[in-house]
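Right, one structure below, let's go through it.
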Amino acid sequence: MVSYYPNEHSRFSWINESLPLPDVTPGQLKTWMTVTAICHNVAFVVGGIMSFTLLTLILLYTPKTLKNYKPMLLISSSCDIFFWFFMSMVQACGNIKDNVVAIKLNGLAKWFNYDQQALCMGLSSIGVAAAIAILPVNYYYRYIHMKHSQQNRTWLHIKMALLYATAFIISCAYGTLAYLSFTHGPRVDFNYASLWFDPRSGPTILPVDIAAVPILSSVGPCAIVGYCTLKGADAGMISLVIYIFFYWIPILTPLSTIITIKPYRMVFVNMVNKPFSGYVVSFTGSTDS
């Protein structure tokens, strides 16, 4: 996909051998890129297993005592799967320099043209925004079912549907802004490869103004980005660390839900222990015989 001039796959970055040498050594960059690739693959496999395991537990093992919370859990699980899918498609890593976020895609989306890549980033931004936006709605959902469970159920359902719809509308707005930032924000004829770790490599870069970063990151990474913005600092290798932490969300969110809810935790532990317990039983039986 690399080239010496702009094209449909790399509209805003290309190889320019006159650019200065990178600030980091090739060995350092290779090491961090290897770590990033490993984290992406682990997040894809383990995150997918955990996300679909939680969905299965919600659909098949939700007890009657938690039936009022099942819609909330299904919505949250669907957001996790949506987030996991598109983040796995893009597998983004980025650099923050000169108030610009330069994003390189390592997933399947790297084979798409620039507009398709921008669309995938917009959809992944919707997933991130939805995962964050529904959190206060979930808190209110739990509160209203604990404190006002005797109220008219129809009115409660309508109220919560409106709140979730509002959260998803906001998420779609964020995703649209992210897409427009990638497609209309970059300066024409400016080689954004000069902002990458190795400016001579000319990877496909999706540049976005720093104002859109909260769309792409959770609270922790955003705090680092905000600091870099206020201080006018370049994040450098910290940028890669930000995205490495970011990709653990599809693993940690379902896992924390499973651990917190006792019926799910018991079923999950039994699922994990069953192969080992079966091995012990068969081994003991063969020994006794």
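Under the condition of being among the charged types (D, E, K, R) and surrounded by fewer than 21 Cβ atoms within 10 Å (Cβ to Cβ), which residue from the range 55-96 is modelled with the highest pLDDT? Spell out how you get there, then give the answer.
First, the residues of the range 55-96 that are among the charged types (D, E, K, R): 64, 67, 70, 80.
Filter once more, keeping what is surrounded by fewer than 21 Cβ atoms within 10 Å (Cβ to Cβ): 64, 67, 70.
Values: 64: 87, 67: 85, 70: 90.
Selected residue: 70.
Residue pairs whose Cβ atoms lie under 6 Å apart, sitting 6 or more positions apart in sequence or on different chains, and linking a residue in the range 63-75 that is over 19 Å from residue 51 (Cβ atoms) to a partner that is part of a helix (DSSP H, G or I), are 63/263; 68/145.
The combined condition, being more than 21 Å from residue 52 (Cα to Cα), in a helix (DSSP H, G or I) and among the small types (Gly, Ala, Ser), is not fulfilled by residue 130.
Every residue, every condition in (1) of a type in the set (Ser, Thr, Tyr); (2) touching a residue at least 24 places away in the same chain (Cβ under 8 Å); (3) assigned to a helix (DSSP H, G or I); (4) at positive phi, yes or no:
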{"residue": "34", "(1), (2), (3), (4)": "yes, no, yes, no"}
{"residue": "40", "(1), (2), (3), (4)": "no, yes, yes, no"}
{"residue": "45", "(1), (2), (3), (4)": "no, no, yes, no"}
{"residue": "79", "(1), (2), (3), (4)": "no, yes, yes, no"}
{"residue": "84", "(1), (2), (3), (4)": "no, yes, yes, no"}
{"residue": "87", "(1), (2), (3), (4)": "no, yes, yes, no"}
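Determine whether residue 169 is assigned to a helix (DSSP H, G or I), farther than 21 Å from residue 101 by Cβ and among the β-branched types (Val, Ile, Thr). Spell out how you get there, then give the answer.
On the way: assigned to a helix (DSSP H, G or I): yes; farther than 21 Å from residue 101 by Cβ: yes; among the β-branched types (Val, Ile, Thr): yes.
Here the answer is yes, as residue 169 does meet what is asked.
The values are calculated or read from the model by the stated rules, or taken from the named source; none is laboratory data. Source: prediction; values computed, not measured. Cβ atoms come from the backbone with ideal geometry, glycine included; neighbour counts cover every protein chain shown.
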